[in-house]
Amino acid sequence: MFLDLINLYTKNNNSNRTPLEDFNTECFANILNLYSDIKTDFISNFLNLPKDAYLIKTQLKKDLPNSPNCIVDLVFIGTNNICFIENKVESQEGWEQLKRYGEVLDIHYKKSNKYLFYCTKYSDIKNENGEYSKYNFKQIKWFEIANFLIKYQKSNPLINDYIKFLTNYKMAQDNTIKSENLLSMENLLKTIEVAEFHIENCKPEFNKEFGSEKYDRNFNWNQIKTHNRVCHYNSGVLKSNNKEHSEILYCIEFNNLKLRTQIYVNANNIQYQQFKKLNFDKNIFKTYDFGNGFCYYLDTDIGKYLNDINSDKNIKQWFLNSFDIMKNIITIKSNLDW
């Protein structure tokens with residue numbers, strides 16, 4: 001939803017400016033206002049603000065003498081406490097922005113306990129000389145907020161959608177280099193080579209059954225970046241007058257360490273509803289509804305082939321068996337136009 005909304009704005013906006021920061025602030029503020037339990041958790045356990053009856057406001061305007069007026073992105077206003085949060089995504093701090101926010105706190109909230117936070121996508125270190133310490137200054141990053149929200153992701157579709165939005169703009173990504181990252185970097189090329197070997201090992205049989213697709217040499221690098229997998233596929237397997245996407249695909253998934261074979265059909269395909277109603281054996285097939293598409297898939301853990309000297313043969317056999325099952329569905333057990 002959030003991606004659709006910002007894409008819609010971008011498509012219909014006559015200027016080249018997309019207010020990503022303002023849009024993101026409004027989305028997050030409304031999520032907190034919509035779910036009181038998440039709001040309480042965020043204020044108490046993430047921001048660590050004192051207990052109070054907080055109201056949330058965005059784009060709060062306050063006057064300053066002899067200075068441009070201030071517009072504060074996100075504000076938590078309590079009876080005894082006030083917290084300003086300046087949010088940045090792709091931009092940096094404006095001219096003396098944090099200094100002027102401090103002045104607003106001093107002038108307009110004299111009797112309140114004052115908090116000034118700076119939330120960014122990239123590192124932008126402030127308060128090196130302690131100039132904002134009297135406002136209990138704290139720096140946070142958007143990936144920390146994304147991590148905070150993850151515990152609500154499965155039970156709340158709106159939170160799940162918002163995290164997808166943050167992920168799309170690389171705001172949910174922790175770029176801290178950790179020991180496991182160094183180990184992964186050291187073995188990255190070898191890991192990809194092994195995965196590509198097992199995919200290549202099954203191509204002749206797959207292409208014979210389902211046809212082949214031509215793509216450039218960077219295909220798998222793009223797949224790794226966007227889907228965290230190495231794969232091979234053929235598109236257009238389910239005929240459609242409007243030529244909406246469908247595919248049969250097999251892959252090695254890195255995020256959950258699975259071998260997987262799937263048939264996917266876009267929701268705009270004229271045979272989509274018939275496809276979703278296929279009576280596949282639930283003991284064999286799993287399903288996933290993407291909202292804009294639907295797939296039936298088979299998978300198994302890669303771990304079962306760990307240290308298996310015959311893994312080339314055994315992994316290939318699993319994929320070939322999955323191809324046979326898919327072929328059987330396509331040719332015998334459905335009345336769709338493949």
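The values are calculated or read from the model by the stated rules, or taken from the named source; none is laboratory data. Here the structure is a predicted model, which means the values were calculated and not measured. Neighbour counts are summed over all protein chains in view; Cβ atoms, including those assigned to glycine, are modelled from backbone coordinates with ideal geometry.
Per-structure values
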| item | result |
| --- | --- |
| Test: residue in the stretch 309-332 that is hydroxyl-bearing (Ser, Thr, Tyr) and within 30 Å of ASN160 (Cα to Cα) | no |
| Total residues in the stretch 94-136, condition over 17 Å from GLU21 (Cβ atoms) and among the hydrophobic types (A, V, I, L, M, F, W, C) | 5 |
| Which numbered condition ASP37 fails, given (1) within 22 Å of LYS138 (Cβ to Cβ); (2) modelled with pLDDT of 90 or more; (3) of a type in the set (Asp, Glu); (4) not in a strand (DSSP E or B) | (1) |
| Conditions (1) without any contact (Cβ under 8 Å) to a residue 24 or more places away in the chain; (2) not hydrophobic (A, V, I, L, M, F, W, C); (3) not assigned by TED's automatic domain parsing to the domain that holds VAL237: number failed by LYS190 | (3) |
| Count of the stretch 119-136 residues which are of a type in the set (Phe, Trp, Tyr), closer than 16 Å to ASN175 by Cα and in contact with a helix residue (DSSP H, G or I) (Cβ under 7 Å, 6 or more places away or on another chain) | 0 |
| Test result for ILE85, within 27 Å of ASN175 (Cα to Cα), exposed (fewer than 13 other Cβ atoms within 10 Å of the Cβ) and aliphatic (A, V, I, L, M) | no |
| Cross-chain or 6+ apart pairs with Cβ under 7 Å, the stretch 305-316 first and under 16 Å from GLU196 (Cβ atoms), then of a type in the set (A, V, I, L, M, F, W, C) and in a loop (DSSP other than H, G, I, E, B) | LYS316/CYS202 |
| Qualifying residue in the stretch 73-90 (condition: within 25 Å of the chain's Cα centre (by Cα), among the β-branched types (Val, Ile, Thr) and part of a loop (DSSP other than H, G, I, E, B)) | yes |
| Considering residues of the stretch 103-150 that are in a helix (DSSP H, G or I) and β-branched (Val, Ile, Thr) only, the residue surrounded by the most Cβ atoms within 10 Å (Cβ to Cβ) | VAL104 |
| Members of the stretch 151-191 that are outside any helix (DSSP H, G or I) and surrounded by 10 or more Cβ atoms within 10 Å (Cβ to Cβ) | GLN153, ASN156, TYR169, LYS170, MET171, ALA172, GLN173, ASP174, ASN175 |
| Members of the stretch 207-259 that are within 25 Å of ILE192 (Cβ to Cβ) and basic (Lys, Arg) | LYS214, ARG217, LYS225, ARG229, LYS258 |
| Verdict on SER179 being among the hydroxyl-bearing types (Ser, Thr, Tyr) and within 24 Å of HIS227 (Cα to Cα) | yes |
| Members of the stretch 308-338 that are closer than 26 Å to GLU244 by Cα, in the same structural domain as HIS245 (by TED's automatic domain parsing) and aromatic (Phe, Trp, Tyr) | PHE323 |
| Residue within the stretch 287-308 that is crowded, with 16+ Cβ neighbours inside 10 Å and either under 24 Å from ASP216 (Cα atoms) or more than 27 Å from the chain's Cα centre (by Cα) (or both) present | yes |
| Residue match in the stretch 304-317 (condition: under 16 Å from GLU200 (Cα atoms), modelled with pLDDT under 95 and acidic (Asp, Glu)) | yes |
| Test result for LYS282, charged (D, E, K, R), out of contact with any helix residue (DSSP H, G or I) (no Cβ under 9 Å at 6 or more places or on another chain) and assigned by TED's automatic domain parsing to the domain that holds GLU196 | yes |
